[in-house]
Each structure stands twice: as structure tokens, then as C-alpha cells.
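Here, each number is a calculation from the coordinates, and none is a lab measurement. Just so you know, these numbers come straight off a predicted model, no measurement behind them. In this analysis, Cβ positions are derived from the backbone assuming ideal geometry, glycine residues included, and neighbour counts consider all displayed protein chains.
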Amino acid sequence: MITTKQYTCTTFKANYDKILDILNENEEKSNFLQQIRLPKLTDKELTTVNLTAEYMGVDSEYQLFRIFGLKDIF
């Protein structure tokens, strides 16, 4: 039996992948600023997380991490 959290994580990941594909089609650069240390997520990936959360009606980062958990998303 699939729990609500598993379904929500699966749906989030599917939406995340679709939005990231669209962003990759429109812009080939992943990072827009030169940084000294290598970030865990690219600028494009952070933008995709934000767009996916807004699309799914998640209002805040706190709610996003409470529902999904940090390691469930990445």
C-alpha cells in the first residue's frame, strides 16, 4: 500500500523532472555565477525545486522539508 508521503514524493519527483527538462531545453547553462566552492545543487536545480513547489501548492520551505524531508528530495 502506498502512503500519502510516498505518493507526494513520487509526484514531486515527476513534476521536478518535467520542469528541469523544459529548463534544460531553454537554457544550457546550469550555474550563472562563478563560485569558489562547488554547490550541492546548481542554480537551475534550485530554480526547478522552487517552481515545482509553487506548482504543487507548497507555500514555504519549512512545509516542503516537513512533508518530504531533505534526503527524500535530493
Spelling out what I want: for every residue of the stretch 17-28, take phi, set θ = phi - 60°, compute 6.51 cos²θ - 1.76 cosθ + 1.60 (Karplus), and round to whole Hz; glycine and proline get x. 4, 5, 5, 5, 4, 5, 5, 5, 5, 8, 9, 8
Using a cut-off of 12 Å between beta-carbons, work out the net charge of the residues near residue 29 (Lys and Arg +1, Asp and Glu -1, residue 29 not included). -2
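Sort 60, 30 so that the residue with the fewest other Cβ atoms within 10 Å of its own Cβ comes first and the one with the most comes last.
Listing 60, 30 from fewest to most nearby Cβ atoms yields 60, 30.
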